[in-house]
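> One structure, pasted below without further comment.
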Amino acid sequence: MSSTAIMWFRNDLRLHDNPALIAALEHEQVIPLYIHAPEEAEPYAPGEASCWWLKQSLESLETALQEKFNLTLQIRSGSSLAAIQNLIDLHDVESVYWNRRYEPALRRVDENIKKMLNADGLQVKSFNGSLIFEPWEIENQQGDPYRVFTPFYKRAVQMPSLPLQQLPDRQVTTFVQVGSKNLTIADLFLTSTFRWYNKFEGQWAIGEDAAHDRLMEFVNDDISIYKDKRDRLADHATSRLSAHLHFGEISPRQILHVTQQYKHDQNERNDGAIEAFERQLFWRDFGHHLLYHYPQTQDDVFNQKYTNFPWQHDDELLQKWQRGETGIPLVDAGMRELWATGSMHNRARMIVASFLTKNLGLHWLDGARWFWNTLVDADLANNTLGWQWSAGCGADASPYYRIFNPVTQGQRFDANGDYIRRWLPELAHLPNKIIHAPWQASTNDRPSDKSDTLSPDYPEPIVDLAESRKLALERYGAWKDNAP
Ligand SMILES: Cc1cc2nc3c(=O)[nH]c(=O)nc-3n(C[C@H](O)[C@H](O)[C@H](O)COP(=O)(O)OP(=O)(O)OC[C@H]3O[C@@H](n4cnc5c(N)ncnc54)[C@H](O)[C@@H]3O)c2cc1C
């Protein structure tokens, strides 16, 4: 095909199994494009930790495009429509390709751009580049979206999934001399020096190759123990692929392809463990299914019963939670892990979210916004799902009376206190018996040299766990009985 196409990269920062890129490469000339337009994503412009990751992911994509196809990634900022139209005017572009996004604000942007370009006679094609199934492909017998995970999952695993898309092994011979001034990734000012997130440096390997290395390492070393150990807070038994998935450095189809192959090679030996892992990828699809069909849930409750539920706003309590200074060791360990690494173990996410919304009675959106800014894997669909699940107001949510007890959770999933010791060095000297609830320690339990003050640098609990649990149950119970 002798014409020019724009490949518009967004959250699909990879070359392989990228259907939009593969379609664009059918053309003789390809202009790969990235547009930084955070205002178009408002109120969910990428947070600081996301921007830190994005910068390196773009650098990795830029290098890969250059090495594989001799293509220069075009970088723009500002209005996406204006940037695309500018390239169209200058280069006689015929087609524009992208992989779909599902966040409500970004869907509106894409729909508008498609309409405008179609009206100008351009061919615009979009593809599924980041989910196992499109949100509209899975529906119940009445033709409605699912609201509960298990039937969604049962339906999804019966569906034939798309095969992997093969990248053509050819150089794009005609290099487009893009006339308008190209920005560099540095010009986007995604990060700045002396900021809190710079300590993530060296903790993560970013980009398409790194995502595949991580996957292979996980499959070879950990997938067989995933089911048994995924909840153990101190073990690194999960895949740590979530940010790679969010930025599209790897697709869920590629992951499933590898896990299915592994299952086959193992003669189905680790069947249960592999399925337990694959199931999580369907939770990710379910989150996108819900956000697509119920876009208002990005900042409104899914379960209408909770409209106007009296969650509180309290800056002082919120700040103590954010800083990991609640005096509840497991909650603080999770929050400090987040601040130090840009990530947090899934079980810790559930515990800190339950503590914020139920024990402290604070609004789930206050927690969700903090996660949005500080997680490298911040993802509107998954974050909304996780927070509404924890607060009890989501689809298929944790029931209101399920309030995680951080002490018993710690005793169960961090029995030796390793996770707490890793993130709260000021408690490292405490014996296992009291590390999860130092305030309950009797004089006999205390280390001899610390009999007066267990740890002078560590705060007393900001709430009484039993009392705040009782109050939360009363609050939720009364609401449940009186809600419309
Ligand atoms: C309050 C709260 C907020 C959360 N916010 C986010 C978020 O912003 N972004 C995000 O990607 N995940 C979020 N999660 C889900 C989950 O905690 C992370 O996906 C997981 O911890 C990532 O680690 P992993 O890649 O090692 O996961 P693994 O256990 O190895 O799972 C593999 C993949 O499945 C997906 N997945 C796993 N668990 C879930 C889940 N519960 N819901 C949806 N998808 C899942 C992820 O893409 C993950 O990479 C949140 C959970 C909670 C309780």
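The values are calculated or read from the model by the stated rules, or taken from the named source; none is laboratory data. Predicted model, so just to flag it, every value in this text is computed and none were measured. Note that we place each Cβ from the backbone using ideal geometry, even for glycine, and neighbour counts take in every protein chain shown. These area figures cover heavy atoms from the full protein model, side chains too; ligands, DNA and RNA do not enter into them. Shrake-Rupley method; radii C 1.70, N 1.55, O 1.52, S 1.80 Å.
> Filter the helices (runs of 4 or more DSSP H) completely within segment 80-163 down to those with at least 2 residues that are of a type in the set (D, E, K, R).
Answer list for segment 80-163: 104-119, 149-156.
> Out of Met344, Met350, report the one residue that is more than 20 Å from Lys480 (Cα to Cα), within 9 Å of the ligand (Cβ to nearest atom) and surrounded by fewer than 21 Cβ atoms within 10 Å (Cβ to Cβ).
Met350
> Continuing with this model, one more query. Can you tell me which residue among Tyr292, Tyr226 is more than 9 Å from the ligand (Cβ to nearest atom) and either of a type in the set (Lys, Arg) or outside any loop (DSSP other than H, G, I, E, B) (or both)?
Tyr292
> So, in segment 201-220, how many residues would count as being touching a residue at least 40 places away in the same chain (Cβ under 8 Å), open to solvent by 50 Å² or more (accessible area, probe 1.4 Å) and assigned to a loop (DSSP other than H, G, I, E, B)?
Summing the residues that are touching a residue at least 40 places away in the same chain (Cβ under 8 Å), open to solvent by 50 Å² or more (accessible area, probe 1.4 Å) and assigned to a loop (DSSP other than H, G, I, E, B) in segment 201-220 gives 1.
> Going by the conditions given, is Gly361 at positive phi and away from the ligand (no atom under 16 Å from the Cβ)?
yes
> Any idea which of Tyr262, Tyr294 is open to solvent by 30 Å² or more (accessible area, probe 1.4 Å), in contact (Cβ under 8 Å) with a residue 12 or more places away in the chain and under 30 Å from Ser224 (Cα atoms)?
Unique residue meeting the criteria: Tyr262.
> Quick check: anything in segment 267-285 within 13 Å of the ligand (Cβ to nearest atom), basic (Lys, Arg) and surrounded by 20 or more Cβ atoms within 10 Å (Cβ to Cβ)?
Checked against the condition, which is being within 13 Å of the ligand (Cβ to nearest atom), basic (Lys, Arg) and surrounded by 20 or more Cβ atoms within 10 Å (Cβ to Cβ), segment 267-285 yields at least one hit.
> Now a separate question. So which residues in segment 124-170 are touching a strand residue (DSSP E or B) at 6+ places or on another chain (Cβ under 7 Å) and either open to solvent by 80 Å² or more (accessible area, probe 1.4 Å) or at pLDDT below 95 (or both), if there are any at all?
Lys125
> Any residue at all in segment 229-239 that's surrounded by fewer than 19 Cβ atoms within 10 Å (Cβ to Cβ) and part of a helix (DSSP H, G or I)?
So far as segment 229-239 goes, yes, one or more of its residues are surrounded by fewer than 19 Cβ atoms within 10 Å (Cβ to Cβ) and part of a helix (DSSP H, G or I).
> In this structure, is Phe218 modelled with pLDDT under 95 and either within 27 Å of Leu256 (Cβ to Cβ) or more than 13 Å from the ligand (Cβ to nearest atom) (or both)?
no
> Okay, next question. Report, ordered by the first and then the second residue, all pairs with beta carbons closer than 6 Å, sequence separation of six or more or different chains, a first member in segment 221-236 that is of a type in the set (D, E, K, R), and a second member that is part of a helix (DSSP H, G or I).
So the pair list comes out as Lys227/Gly272; Lys227/Ala273; Lys227/Ala276; Asp231/Arg347; Asp231/Phe413; Arg232/Phe413; Asp235/Lys229.
> Name the single residue that is least open to solvent (accessible area, probe 1.4 Å) among those in segment 411-455 being in a helix (DSSP H, G or I) and modelled with pLDDT under 80.
Ranking the qualifying residues of segment 411-455, first place goes to Asp445.
> Closer than 11 Å to Phe404 by Cα and out of contact with any strand residue (DSSP E or B) (no Cβ under 8 Å at 6 or more places or on another chain): which single residue out of Ser343, Ser390 fits that description?
Exactly one residue qualifies, and that residue is Ser390.
> I'd like the full set of residues that are of a type in the set (Val, Ile, Thr) and open to solvent by 10 Å² or more (accessible area, probe 1.4 Å), limited to segment 5-46.
Listed by number, the residues that qualify are Ile22, Ile35.
> Looking at Ala83, Ala49 in this structure, which one is modelled with pLDDT of 95 or more and in contact with a Lys or Arg (Cβ under 8 Å, 6 or more places away or on another chain)?
From the options Ala83, Ala49, the qualifying one is Ala83.
> Now, a different point. If you scan segment 377-393, which residues turn out to be in contact with a Phe, Trp or Tyr (Cβ under 6 Å, 6 or more places away or on another chain) and part of a helix (DSSP H, G or I)?
Across segment 377-393, the qualifying residues are Leu380, Asn383, Trp387, Gln388, Ala391.
> Taking interchain pairs and intrachain pairs at least six residues apart, which have beta carbon atoms under 6 angstrom, with the first residue in segment 330-347 and closer than 13 Å to Phe371 by Cβ and the second open to solvent by 10 Å² or more (accessible area, probe 1.4 Å) and within 12 Å of the ligand (Cβ to nearest atom)?
That search, which allows pairs on different chains as well, returns Met344/Glu337.
> Here's another thing I want to ask about it. Just to check your reading of the model, which residue among Leu380, Leu365 is touching a helix residue (DSSP H, G or I) at 6+ places or on another chain (Cβ under 8 Å) and buried (at least 21 other Cβ atoms within 10 Å of the Cβ)?
After applying the criteria, what remains is Leu380.
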